[in-house]
Amino acid sequence: MRFAGITHPGLIGCAPSHELLATWNKREAELMQSQPDRRTYGAEIKGDLATLAALPNPKNAILGQVAASDFDRIAAEGARTVPPREHGGNCDIKNLSRGTRIYFPVYVEGAKLSMGDIHFSQGDGEISFCGAIEMSGFIDLHVDIIKGGMDKYGMSNPIFKPGPVEPHYSEYLVFEGISVDEFTGKQYFMDVHIAYRRACLNAIEYLKKFGFTGEQAYLLLSCAPVEGRVSGIVDIPNACCTVAIPTGIFDQPILPV
C-alpha cells in the first residue's frame with residue numbers, strides 16, 4: 001500500500017493563564033474524584049492504571065530552564081500535555097498541514113506559542129494513541145495578532161482553515177460503528193468514543209480478510225489518511241461514527257464482490 005503523507009504538528013497552542021490552568025486542574029481533578037476507581041477502557045481490560053485524566057505529576061516533569069527554587073511548585077501544578085484544551089495543545093489534527101491558517105485564543109501577554117510532536121502522516125483520531133508516523137523536523141510559520149479577536153469572534157477554542165496540501169482520493173470504503181460495547185454488548189447513551197472504536201474494529205476485522213494481521217490493520221488506520229466522522233449524534237440511544245478508508249492506497253481490490 002502507498003499513501004500521501006500530510007505533515008503536521010500534533011501539538012500546537014498558546015500558553016494558558018494562571019486562572020485557566022487552575023480551571024483545568026480543578027475540573028480534571030473533579031472528574032477523577034467522580035469515579036475514583038474508574039479506569040480507561042483498555043486499562044480496564046488489562047488491569048493497569050490508566051485513569052480518567054492526566055493530573056499534574058512532578059514525576060518526569062520537564063520544565064526547561066526553570067530555577068531550581070521554582071521547580072517543585074511548578075511541577076506540582078503544571079498541566080500535563082496529553083490532552084487538547086482551550087488553548088489548543090495536543091489536538092493531533094491531521095489537516096493542520098502546510099498552508100493552514102490557525103486562529104488561537106491568547107490568554108497571556110506574549111501568547112507563548114509553542115509546538116512539536118511532528119507527524120509525517122496520521123488518520124483521523126490517531127486511534128492507537130501514538131499511531132501517527134512520528135518524525136523530526138522544523139516548522140516555518142508567520143504570526144499575526146488580531147487585537148480583541150477573542151471577543152470579536154466569540155472564541156474559546158482554536159479555529160483553523162486547512163491549507164491546500166491534502167490528498168484527494170476519489171473513492172472510500174466506509175465502516176460504521178454504534179455506541180454498543182463490542183465485548184459485553186452493553187448499551188451506552190450517545191457515546192461517540194465507543195461508536196468510533198466500533199467503526200475502527202469493524203474495519204480491522206474486514207481488512208484481516210485481505211491478508212492483513214490485526215496489528216497491521218490497526219496501525220494502518222492510525223497512520224493512513226483515513227477520514228473519521230460523527231455521522232449521527234441525535235438518534236437516541238446510539239451515536240453513529242464512521243471511518244472511511246481510501247481504496248486507492250491499496251495495491252489490491254478490497255471492495256466486497
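Nothing in this text is a laboratory measurement; each read-out follows from the coordinates by a stated rule. What you see is a predicted model; the values in this text were computed from it and never measured. Every residue, glycine among them, receives a Cβ derived from its backbone with ideal geometry; neighbour counts consider all protein chains shown.
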- Under a GNM of the chain (C-alpha, springs under 10 Å), which listed residue has the highest mean-square fluctuation: LEU11, LEU20, LEU96? LEU20
- Message: Please give the charge dipole size of segment 1-143, origin at the Cα centre, charges +1 on K and R Cβ atoms and -1 on D and E Cβ atoms. Round to the nearest 20 debye.
- Response: 240 debye
- Taking the chain and counting helices only, DSSP H stretches of n ≥ 4 at -39,500 (n - 2.57) each over all residues, the nearest-500 ellipticity at 222 nm comes to -7500 deg cm²/dmol
- Message: Which three extents, in angstrom, do the Cα atoms of segment 100-197 have along their principal axes, listed largest first?
- Response: 51, 31, 27
- Item | Whole-Hz ³J(HN,Hα) from phi, Karplus 6.51 cos²θ - 1.76 cosθ + 1.60, for segment 242-257, glycine and proline x | 10, 10, 10, 9, x, 5, x, 7, 9, 9, 9, x, 10, 6, x, 10
- Note on the structure: Quick note, segment 137-182: a/c under 1.5 would make it rounded; otherwise a/b > b/c is prolate and the rest oblate (a ≥ b ≥ c, C-alpha gyration tensor); here it is oblate
- Under the Karplus relation 6.51 cos²θ - 1.76 cosθ + 1.60, θ = phi - 60°, what is the ordered set of whole-Hz ³J(HN,Hα) values for segment 136-144, x standing for Gly and Pro? 8, x, 9, 10, 9, 9, 10, 10, 10
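What stretch of the chain, leaving out the sites themselves, is the longest with no GluC sites (Glu not before Pro) in a DSSP loop having at most 10 other Cβ atoms within 10 Å?
It works out to 1-108.
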- Item | Of LYS161/LYS209; LYS161/LYS186; LYS26/LYS208; LYS94/LYS209; LYS94/LYS147; LYS94/LYS152, pairs whose Cα-Cα distance is over 32 Å | LYS161/LYS209; LYS161/LYS186; LYS26/LYS208
- Query: Using a Gaussian network model of the chain with C-alpha springs under 10 Å, which one of ASN57, ASN157, ASN95 is most mobile by mean-square fluctuation?
  - Reply: ASN57
- Query: Placing +1 at every Lys and Arg Cβ and -1 at every Asp and Glu Cβ, with all other atoms neutral, what dipole size does segment 116-157 have around its Cα centre, in debye to the nearest 20?
  - Reply: 220 debye
- Rounding to the nearest 20 debye, state how big the charge dipole of the chain is about its Cα centre with +1 on each Lys and Arg Cβ and -1 on each Asp and Glu Cβ. 120 debye
- Item | For segment 152-257, convex hull of alpha carbons as volume per residue, Å³ | 159 Å³
- Where Rh is the Kirkwood radius over Cα pairs, Rg/Rh for segment 8-161: 0.97
- Note on the structure: In the chain, taking the dipole from +1 charges on Lys and Arg beta carbons and -1 charges on Asp and Glu beta carbons about the Cα centre, the listed residue (THR51, ILE249, HIS8) farthest towards the positive end is HIS8
- Could you check which residue among ARG73, ARG197, ARG27 shows the biggest mean-square fluctuation in a GNM of the chain with a 10 Å Cα cutoff? ARG73
- Task: Can you find, among GLN35, CYS223, LEU141, the residue farthest towards the positive end of the dipole of the chain? Put +1 on the C-beta of Lys and Arg, -1 on that of Asp and Glu.
- Result: LEU141
